[in-house]
Protein chains: 2
Amino acid sequence: MSDVEINITVSVDGFVTGPDPGPHQGLGAGGEPLHDWLEHPAGRALSAATFAAAGAVVTSRTVYDVTSGWGDDGFYHMPVFVVTHRVEPPVRKSDTTFTFVDGVAPAIAAAKAAAGGKDVHVMGGASIAQQVLAAGLADRLRLHVAPMLLGAGTPLFAGGAPAALTHVETVDTPSATHITYRVG
Amino acid sequence: MSDVEINITVSVDGFVTGPDPGPHQGLGAGGEPLHDWLEHPAGRALSAATFAAAGAVVTSRTVYDVTSGWGDDGFYHMPVFVVTHRVEPPVRKSDTTFTFVDGVAPAIAAAKAAAGGKDVHVMGGASIAQQVLAAGLADRLRLHVAPMLLGAGTPLFAGGAPAALTHVETVDTPSATHITYRVG
């Protein structure tokens, strides 16, 4: 069975970007160090293992636009479902096909069907993560907590219903603490 | 040298209490599980070791009022400095003296002087923690992250300046992940 995992990097004060994220600073003002952990071999290994468990990705139109679909190398190497109100034909880059879907629930359903029994990773942005949680569609929450206070930016959590989490695992790499919870 | 450590329990979504904290529900609506980790032997041992490193405590008037000074058993067993605009004579309970100080900076200074070279622990509430961070008076931030989403309540962080943190240690106990950072 596919588990749906929200998989996202966040500052200690809960921001997934600094202020004013956009095409020229995808992580917002001051937000670049959020992803420092991916520069370290241990972080890259953790990221690779995480990706290896996934069979499909759900992400937002904003993340897709800001990252230009993760470049022409088809970074994901698996089906990616982009949540958007502006549905357009699928885009294929290398071995990654980006399919545009109007709504979080149909995107998750399509990703589960495409994941071949592997997990579905929800890789941002914050709004998609919140919608997946609110819809009760998340099985796991994996936070990569970067050692910084951003003070402002895009909050990962912005209200929402209370939920019990069950701690699964904590791993430290040189620039992040990676905590996995089961939702519920 | 005394280090000043902000030492506080927080939900995964960054709340130190649920909604409507008050004398009858110090941790707010739904917030009681925040402190579940103190019910486990491993959590109690971690708490005891943390307390053993401290020579004085700084806390808020609200926390003092809500907890009634932690009861007549003088729970802290060390000097406690209560930040308040309503300064009154010190209160002695068992071997704990509660001294009322108008302002975070003088409270930290008084606590350092009283700590006998041991650390000063800032034990809430959120506003005091924020003021200590904003004033550049915090040396360490120790978060006891409880496995729950509260959705609403008292946020630990509410803006403030960006700050780099240096990860020191992560420890898991049955109902919390305890992460220590050095500030700066």
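Bear in mind these aren't lab numbers, they're just calculated from the coordinates by the rules spelled out. Predicted, not measured: the structure shown is a model, and the values here were computed from it. Neighbour counts are summed over all protein chains in view; Cβ atoms, including those assigned to glycine, are modelled from backbone coordinates with ideal geometry.
Per-structure values
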{"item": "Proximal charge balance of A:P33 [Cβ under 14 Å; K/R count +1, D/E count -1]", "result": "-4"}
{"item": "Those residues of segment A:145-184 whose amide nitrogen sits under 17 Å from the label point placed on B:H40, 7 Å along Cα→Cβ", "result": "A:164-172, A:178-184"}
{"item": "Other-copy label distances relative to A:F75, 7 angstrom Cα-Cβ extension, nm", "result": "4.7"}
{"item": "For the axis carrying chain A to chain B: nearest C-beta residue of A, whole Å", "result": "A:G14, 2"}
{"item": "Average Cα contact separation per residue, segment B:4-183, under 8 Å, 6 or more apart, as relative contact order %", "result": "32"}
{"item": "Copies compared at B:P41 - label distances in nm, ascending, label defined 7 Å from Cα in the Cβ direction", "result": "3.9"}
{"item": "Counting DSSP beta bridges with both ends in segment B:4-183, the antiparallel % (nearest 5)", "result": "50"}
{"item": "Ranked B:Y76, A:Y64, criterion: other C-beta atoms within 10 Å, fewest first", "result": "A:Y64, B:Y76"}
{"item": "For chain A, built as a Gaussian network whose Cα springs stay under 10 Å, the top-fluctuating residue of A:V63, A:V16, A:V168", "result": "A:V168"}
{"item": "Other copies of B:M1: label-to-label distances in nm, shortest first, labels 7 Å along the beta-carbon direction", "result": "5.4"}
{"item": "Cα-based shape type of segment B:112-179, given that a ≥ b ≥ c are square roots of the gyration tensor eigenvalues and the cut on a/c is 1.5", "result": "oblate"}
